[in-house]
Amino acid sequence: MRDVILAAQPNKRFVEYDHLSGMLLYLVSDLGASANGANFSVDGGWTAQ
């Protein structure tokens, strides 16, 4: 199953919890204050194909 799912994944890795928490920390910090209504993909490049 891992080989099938990762075959189309550009970076050949699953998204880890620390990647998601990094985005969360950005959004709740002052740096992310102007990111209102924006879409962010944390998917290892899956949607960029």
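The values are calculated or read from the model by the stated rules, or taken from the named source; none is laboratory data. Quick caveat: nothing in here was measured; it's all calculated off a predicted structure. Here the Cβ positions follow ideal geometry from the backbone for every residue, glycine too, while neighbour counts run over all protein chains shown.
Numerical summary
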| read-out | value |
| --- | --- |
| Candidates Ala35, Ala8, filtered to the one that is at negative phi, modelled with pLDDT under 85 and of a type in the set (A, V, I, L, M, F, W, C) | Ala8 |
| Candidate set: the stretch 1-23, residues that are of a type in the set (D, E, K, R) and part of a helix (DSSP H, G or I); chosen: the one nearest to Asp43 (Cα to Cα) | Asp18 |
| Hits in the stretch 28-47 (condition: in a helix (DSSP H, G or I) and either in contact with a Gly (Cβ under 6 Å, 6 or more places away or on another chain) or under 27 Å from Ile5 (Cβ atoms) (or both)) | Trp46, Thr47 |
